[in-house]
1. Can you tell me the convex hull volume per residue for segment 24-106, based on C-alpha atoms, in Å³ to the nearest whole number?
2. Relative to the longest principal Cα axis of the chain, at what angle does helix 150-176 sit, 0 to 90 degrees, rounded to 10?
3. For ARG3 and LEU32, FRET efficiency with R0 = 41 Å and r from the beta-carbon atoms, rounded to 0.05?
4. So who's got an amide H within less than 5 Å of the one on LEU36, skipping anything under 5 residues away but keeping other chains? H placed 1.01 Å off N, in plane.
5. How many lysine pairs does the chain hold where the Cα atoms are under 27 Å apart and the two sit 8 or more places apart or on different chains?
6. Write out the trypsin sites (Lys or Arg not before Pro) in segment 83-166 meeting two conditions: DSSP loop, and at most 12 other Cβ atoms within 10 Å of their Cβ.
7. For the chain, take the longest principal axis of its alpha carbons; what is the angle in degrees between that and the long axis of helix 76-100, to the nearest 10 within 0 to 90?
8. Expected output is a single nm value to one decimal: the length gained when fully extending between LYS105 and ALA13, i.e. 0.36 nm times separation in residues minus the C-alpha distance. What is it?
Amino acid sequence: MRRNQTQMIVKIALMTAMSLVLMLLIRIPFPLAPFLVYDPADIPIYICTFAFGPGAGLAITFIVSFLQAFALGGDGIYGFVMHFVATGIVAVMIGFMYKRNKTKKTALKALGLGVIVTTLIMCVMNIFVTSAFMGVEKSVVIAMLPTAIIPFNLIKFSINAAVTFVVYKRISGFLHNETVFRKKN
């Protein structure tokens, strides 16, 4: 039992590191609003959420959001809050939905619903949080919703969800294999 827990923690740590590496290597500013930056850091988080549940997904989201915001030149508390809420919503949704019914159809529904709900919640978050932290009027942020914020969130979360859906089953064998770290005779 203890060995299984240790192996799970090591696998989660590896996926957390992969998330950070992806975030550092791939950063694409959104042309219509350069403060919005695409990175694929959520893909390993979603994969871990499918493999180990919503708690693991939320824990990884917290660690990655914190390190990105405060240790890797991110946007401080503003970046932490926005990333944690956005990715955390998807992690919790897909984690609970997939935990109840582990099928491809459920995974696809969970990811699709995660994209839609997160996009809607991030509209509200941007109106209140972005306006407060960036020091701009809410009306400016509201004007950006249809031209920048909604398209960015739909694109970012759709890409990350699609890649997760395509690669999860290939990676899940490694994540669920308890003999990965055992010494061969």
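Here, each number is a calculation from the coordinates, and none is a lab measurement. Being a predicted model, the structure only gives us computed values, none of them experimental. Backbone-built Cβ (ideal geometry, glycine too); neighbour counts: all protein chains shown.
1. Value for segment 24-106: 99 Å³ per residue.
2. For 150-176 against the chain, the angle is about 10 degrees.
3. Computed FRET efficiency for LEU32 and ARG3 comes out at 0.25.
4. Amide H neighbours of LEU36, under 5 Å, 5+ apart: PHE30.
5. Lysine pairs, 8 or more places apart or on different chains, close enough: 24.
6. LYS102
7. Taking Cα atoms only, the helix is inclined about 50 degrees.
8. Fully extending the segment from LYS105 to ALA13 adds 30.3 nm.
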